[in-house]
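> Okay, here's the structure, questions in a sec.
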Amino acid sequence: MTNWKKRLFYSPADDRSRMRAVANNLILHLHPTKVPAPALKWTYTWGLGGISALLALLQILTGVLLMFRYDASVERAYTSIQTIETQVLFGSLVRGLHHWSANLLIVTAFLHLIRVFLTGGFKKGRATNWLIGIGLLLLVMTFNFTGYLLPWDQLAFWAITVGTSLLSYLPAAGTAVANFLLAGPEVGQGALRNFYAIHVAVLPALLIIMMSYHFWKVRKDGGISQPNPPARSRVTRLTTIPHLVQIEFTAAVVLLTSLVVWAMLVPAPLEALANPNHPPNPAKAAWYFMGLQELLLHMHPLAAMMLPGAALTAIAAIPLWDKREEDIGVYFRSQKGGITAVTAAILAIALIPILVIVDELWLDLPALMPALPILIANGLIPLLLSLGGLAAIYFLFRVIGRANRGEATVGLFTFLIVSLIMLTNVGVFFRGANMALVMPF
Amino acid sequence: MSQQNNTLPMNRRDFLKMGATALSLLAALEVGGASLMFMQPRRLDGVFGGVVTAGPADSFPPGSVTHFPDGRFYLIRAADGGFLAVYQRCTHLGCTVNWEADQNRFFCPCHASAFDMLGSVANPPAPRALDLFPVSITDGSVVVNTADIQTRDEFTPAQLAYA
Ligand code: HEM
Ligand code: FES
């Protein structure tokens, strides 16, 4: 036989090794043949990266199915979703899977980023992959933002109206980008068509490229981060098949089963048909944007975007700041880092509701400074106050807590994350009609 | 040959390389620009975006606010009889404001901005008064040009149009 025939038709003697040969090809593209035993402890990574990848794959599969039934036109989008929900065999299930797995993906990608930060997974040459990871999280959010418009219900219309208006506050290219996306004076056919093309073609292409690079780079960087082994000890290495694959397979089956059951019990929501003349009251964003929505209630839109923008830039730049390699692979860097994190979390849980209530009920910056333009009184000043507060927290940990750079950074990072979660909760549960503060029950 | 080469600023190979790079860049720019122009859609015109005839001036009593949903505006007749057409789009982040007659204000349900009857900001976060469409009164009927969105910081009497 010629060489290519041999390759094509080669088959090992027994079933077991035959199956393995097939599996190896695929799996060993993603994994090395052997992995260090501690890397398999699931409480290290919590499997969050792998779960995110699985969900992304599920998005592609269900998304392509939806494309066969969905019409990207203002007249027919809503009815096509109704048809999917009520007439198409398994339509409600497929749409439910796409919807819920999109939501879950935001959670898992976010938690994955937190895990990588807390274990110092961006150290020892992993800065590039840290950036790619942040890019992937932003990509997932963009996927959700663009997918959101497609059902053309009230939620879709108003969330995108607010989102694109937000863009036009950005200096320089903001208005141009918003006009380009909208292709008209308000959210309409042009916007729907643009969002559809971006959602089903541009973003999936980017996703596949970036995810492939992300995985390849993990291996290139020497596998996932691990604590430095104690001197002169040897870490045991186990074969990927079956040790790692078994864990992954179990996790995947459990996850997919739960998702299917969940999607069967709770169909994806669909509100009333979009009506450009009547926003619902309250007109809330999707839950994962409610932290930003909450900021918008307190400051000028430009400041409300610059604050998370600054935080994100700082998080992206962490590998330049925290370079200590001794503590790689150790959660919170050290015991003291753990204490800083808990302190920061408690601080955020206490401080954020107080700030929200004080600003809502008593503090009216523009009224205090009537001479100043709104952009400064309600924009620059709250922005600087917030950034100043964050800097103060960092230096408190450094000076009073005597934390080193890495430990203080863990504190600040925890404060940011818990603040975001708190703001999101205020937006989800404590905002009622007219966006007034209410009790959720 | 080689001696000659040394006196030239670059040899043939480098020259061709540079030329090829420059041409590829140019081609990339052209393709990129053409793609952008391809994607830039024509504005789609609906009811909104043209000239709307609101009706006879007499049918709007002074101190009244009338909603024209298809034209996306509220027609306001001030107490002194002057007309003002305000775009219904909240100047904060674009939600549609509702006229609340009992409170004498426009209210935005999205982030709770409020505007007084003439469209000036009564409660932030809205950064400026509701936008205007030019109003003209021809042969006793009120005509609003919704193609021309005019921004303003606050209400001034000069914005009113009279019959
Ligand atoms: C990370 C990946 C993705 C995310 C996070 C995502 C997210 C979303 C969301 C939030 C919706 C709105 C549906 C709803 O919640 O009611 C949606 C709709 C849709 N998506 Fe995706 N999507 C992803 C990938 C894809 C892909 C790869 C395709 C196709 C190639 C696709 C095709 C569609 C279609 C056709 C709809 C409209 C149907 C509907 O609204 O139910 N999506 N997507
Ligand atoms: S859009 Fe009207 S208050 Fe924000």
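The numbers here are math on the coordinates, done by the rules we state, and not lab data. All values derive from a computational prediction rather than experimental measurement. Reconstructed Cβ throughout: ideal geometry from the backbone, glycine too, with neighbour counts over all protein chains shown.
> Helix B:12-39 versus the longest principal axis of chain B: what is the Cα-based angle in degrees, 0 to 90, to the nearest 10?
Between helix and principal axis, roughly 20 degrees.
> Next question. Would you mind counting up the charge near A:V399? Only other residues with Cβ under 13 Å from its Cβ, with Lys and Arg at +1 and Asp and Glu at -1.
My count for the surroundings of A:V399 gives +2.
> Using Cα centres only, tell me the gap between region A:184-222 and region A:379-441 in whole Å.
With region A:184-222 and region A:379-441 each reduced to a Cα centre, they are spaced 30 Å.
> Simple spin-label model, 7 Å along Cα-to-Cβ: A:E360 to A:A205 in nm?
According to this spin-label approximation, the distance is 4.5 nm.
> Provide a whole-number value for the mean count of partner chain Cβ atoms within 10 Å of the Cβ atoms in peptide A:274-280.
Average per residue, whole number: 5.
> When Lys and Arg each count +1 and Asp and Glu each count -1, what net charge do the other residues less than 14 Å away from A:T340, Cβ to Cβ, add up to?
+2
> Whole-Hz ³J(HN,Hα) for each residue in region A:148-154, computed from phi via Karplus 6.51 cos²θ - 1.76 cosθ + 1.60 with θ = phi - 60°, x for glycine and proline: what do you get?
With coefficients 6.51, -1.76 and 1.60, one gets 4, 6, 4, x, 6, 9, 4 Hz.
> Separate question: Under a Cβ-only charge scheme (Lys and Arg +1, Asp and Glu -1), can you give me the dipole magnitude of chain B about the Cα centre, in debye to the nearest 20?
The dipole magnitude comes to about 980 debye.
> Picking from A:A341, A:I352, A:G401, whose Cα lies most toward the positive end of the charge dipole for region A:313-441 (charges on Cβ: Lys, Arg +1; Asp, Glu -1)?
In region A:313-441, that residue is A:G401.
> Take the Cα atoms of chain A, build their convex hull, and give its volume per residue in Å³.
Considering the Cα atoms of chain A, their hull volume per residue is 196 Å³.
> Along each principal axis of its Cα atoms, how long is region A:30-280 end to end? Whole angstroms, biggest number first, please.
71, 48, 27 Å, listed from the longest principal axis down.
> Just tell me how shielded A:430-439 is by partners: mean number of partner chain Cβ atoms within 10 Å of each residue's Cβ, no decimals.
2
> What dipole magnitude, in Debye to the nearest 20, does region A:313-441 give about its Cα centre under +1 on Lys/Arg Cβ and -1 on Asp/Glu Cβ?
Charge dipole, region A:313-441, about its Cα centre: 280 debye, nearest 20.
> Using alpha carbons only, what's the Rg to Rh ratio of region A:73-134 with Rh from Kirkwood?
Across region A:73-134, the Cα-based Rg/Rh ratio is 1.30.
> Then there's this: Remind me, relative contact order of chain A in percent, using alpha carbon pairs under 8 angstrom and six or more residues apart?
Relative CO of chain A lands at 20 percent.
> Of the listed pairs A:K123/A:K217; A:K41/A:K336; A:K34/A:K217; A:K124/A:K217, which have alpha-carbon separations greater than 21 Å here?
A:K41/A:K336
> Right, next: Any idea what % of Cα-Cα pairs in region A:283-373 are farther than 16 Å?
Looking at region A:283-373, the distances longer than 16 Å represent 73 percent of pairs.
> Still on this structure: Could you work out, for region B:51-159, what percent of all Cα-Cα pairs fall into each 10 Å distance bin, beginning at 0 Å and stopping at the bin that holds the largest distance?
Reading the bins upward from 0: 16, 52, 29, 3, 0.
> Over region A:313-441, with a single point scatterer placed on each C-alpha, what log10 of the ratio I(q)/I(0) does the Debye formula yield at q = 0.15, 0.19 1/Å?
-0.83, -1.10
> What does the charge count around A:G47 come to, taking other residues whose C-beta lies under 14 Å from its C-beta (Lys +1, Arg +1, Asp -1, Glu -1)?
Residues near A:G47 contribute +1 overall.
> Give me the three principal axis extents of region A:139-208 from the C-alpha atoms, as integers in angstrom, largest value leading.
31, 28, 18
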